[in-house]
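The values are calculated or read from the model by the stated rules, or taken from the named source; none is laboratory data. All values derive from a computational prediction rather than experimental measurement. With ideal geometry, Cβ positions are generated from the backbone for all residues, glycine too; neighbour counts draw on all protein chains shown.
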Amino acid sequence: MIRTLLRRDLARLLGPNQGGAMLPVLFFLAVAVIYPFAVGADAALLARTGGGVIWVAALLAAILPLDRLIEPDLERGLFDQWALRGISEEAAVAVRVLSHWLSFGPPLMLAALPAGALLGLSGTSLRTVELGLLAGTPGLAALSVTVAAITAGLRGGAALGGLLIIPLGVPLLIFGAGSLSAGGESGLALTAAVSMVLMAIAPFAGGAAVRGARS
Amino acid sequence: MQGADTAARIVADDLACRRGDRVLFRGLSFTLQPGEALQVSGANGVGKSSLLRLVAGLARPFTGTIRHRGTIGLVDERPALDPELPLAAALAFWTRLDGGASLPLEALGLTDLLDVPVRYLSTGQRKRAAMARLIGQDAAIWLLDEPLNGLDTDAVRLVEALTAAHCAAGGIALIASHQPFTLAGLTQLALADYAA
């Protein structure tokens, strides 16, 4: 049952008809490309600030898919049909977090390679960025799904969701980007810790939000 | 009487339903036993759909209790089929979830539409697809919300026949419709009589 849900979720999030899976990745790359235009071609400055830019870009890229994570299924009655079959909102949301991470995290980590090269990051920095994204993107995915569930059905929900995600994503940003500074290795562990908290909350907060959106 | 304990049933006791700050109906009690069908009728906004959602457990009654035994299948205005997928793939998702029963596609006139993306289907075709999904679910209790909307006369007769077969096999049907629904032994409930 979980497998069936996961398969459909992935097909929807990655499917050619949605055209949305690539969008956050392209947006993420575009930020890395335009940043040197804005601050100039000072290689030392780019290498020093590039890791932070990648983290900001990742956080902003998480906003793009918000409106298609929960709302379409809520509107089309899929959550109702699942509830009738004994599939709780919590389970459906947990599966959604996993499928959203699969369609969002690894592509972003892949795109961080050319982005890091464009910004002239050193090998060690790039490695820290990749490890940080590995630790942080699951939390970002969980946060996105939670916020998408909370704002589903509201007018202008997607815009409100963007505003909600930025402050709530700040801990990930602080620890993730902080791990890049000298002696900041513990930042990776803290990023993973924040991720786990967000992942633990997401099914319950998201499930409750889906139930609340019904009435 | 072992069988009676596991048989499907719906028991509603002194139900009241509220939407927003308005009470739609109150004091509604009914019992449905296996093989019985009940049509809830009334004007728009009288609370027919809300009653079905109460029975399905998707909404909570304002007062009173609603209990049911047996699995519930719901067909409402949303077919719950992915609009971008061809009909066959959209139905296959539910077939996998519901345990793989074969669907009466031929009888529902859906065989020629299997390649068509759901978003290109007409209202009546979507309704028939939703009926196929419902039959695949093999639920003991059918909740049909305006099942005849958008259907041509042949399809109306088909849905009526499918419902009759479901009840004959010991199922329960609760139909919310303002249109006449032809079914042997169908009891009527005018929801307006319970308006608050």
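Residue count for the range A:63-109 satisfying the condition of being free of Cβ contacts under 8 Å to residues at least 60 places away in the same chain and more than 13 Å from chain B (Cβ to nearest Cβ): 5. One residue is enough: does the range B:171-188 have a residue meeting the conditions touching a residue at least 24 places away in the same chain (Cβ under 8 Å), in a helix (DSSP H, G or I) and at negative phi? Checked the range B:171-188: no residue is touching a residue at least 24 places away in the same chain (Cβ under 8 Å), in a helix (DSSP H, G or I) and at negative phi.
Please verify whether A:Leu26 is touching a helix residue (DSSP H, G or I) at 6+ places or on another chain (Cβ under 8 Å) and among the hydrophobic types (A, V, I, L, M, F, W, C), treating the condition exactly as stated. When the stated conditions are applied, A:Leu26 does not pass them. Looking across the range B:65-121, the residues that are at negative phi, at the interface with chain A (Cβ under 10 Å from one of its Cβ atoms), surrounded by 15 or more Cβ atoms within 10 Å (Cβ to Cβ) and in a loop (DSSP other than H, G, I, E, B) come down to B:Thr71, B:Asp76, B:Arg78, B:Pro79, B:Leu81, B:Asp82, B:Pro83, B:Glu84, B:Leu85.
Criterion first (more than 10 Å from every other protein chain (Cβ to nearest Cβ), touching a residue at least 60 places away in the same chain (Cβ under 8 Å) and part of a strand (DSSP E or B)) does B:Leu51 satisfy it?
Details: more than 10 Å from every other protein chain (Cβ to nearest Cβ): yes; touching a residue at least 60 places away in the same chain (Cβ under 8 Å): yes; part of a strand (DSSP E or B): no.
Here the answer is no, as B:Leu51 does not meet what is asked.
Here are A:Leu164, A:Leu154, A:Leu168: which of them is farther than 14 Å from A:Met199 by Cβ, at pLDDT 90 or above and among the hydrophobic types (A, V, I, L, M, F, W, C)? Spell out the reasoning first.
On the way: A:Leu154 fails: at pLDDT 90 or above; A:Leu168 fails: farther than 14 Å from A:Met199 by Cβ.
The conditions single out A:Leu164.
Just checking, how many residues over the range B:1-48 are part of a strand (DSSP E or B) and either out of contact with any strand residue (DSSP E or B) (no Cβ under 8 Å at 6 or more places or on another chain) or of a type outside the set (A, V, I, L, M, F, W, C) (or both)? Can you show your working first?
Of the range B:1-48, the ones part of a strand (DSSP E or B) are B:9-19, B:22-32, B:37-41.
Then keep just the ones that are either out of contact with any strand residue (DSSP E or B) (no Cβ under 8 Å at 6 or more places or on another chain) or of a type outside the set (A, V, I, L, M, F, W, C) (or both); that gives B:9, B:13-14, B:18-19, B:22, B:26-27, B:29, B:31, B:39, B:41.
Count: 12.
Only one entry of A:Leu154, A:Leu180, A:Leu168 meets the criterion of being assigned to a helix (DSSP H, G or I) and either of a type in the set (A, V, I, L, M, F, W, C) or within 15 Å of the chain's Cα centre (by Cα) (or both), and that entry is A:Leu168.
Look at (1) crowded, with 19+ Cβ neighbours inside 10 Å; (2) under 18 Å from A:Leu126 (Cβ atoms) and you find that A:Trp82 fails only one, number (2). Tell me, which residue of the range B:54-64 that is aliphatic (A, V, I, L, M) and more than 10 Å from chain A (Cβ to nearest Cβ) is farthest from B:Leu24 (Cα to Cα)? Within the range B:54-64, the match that is farthest from B:Leu24 (Cα to Cα) is B:Val55.
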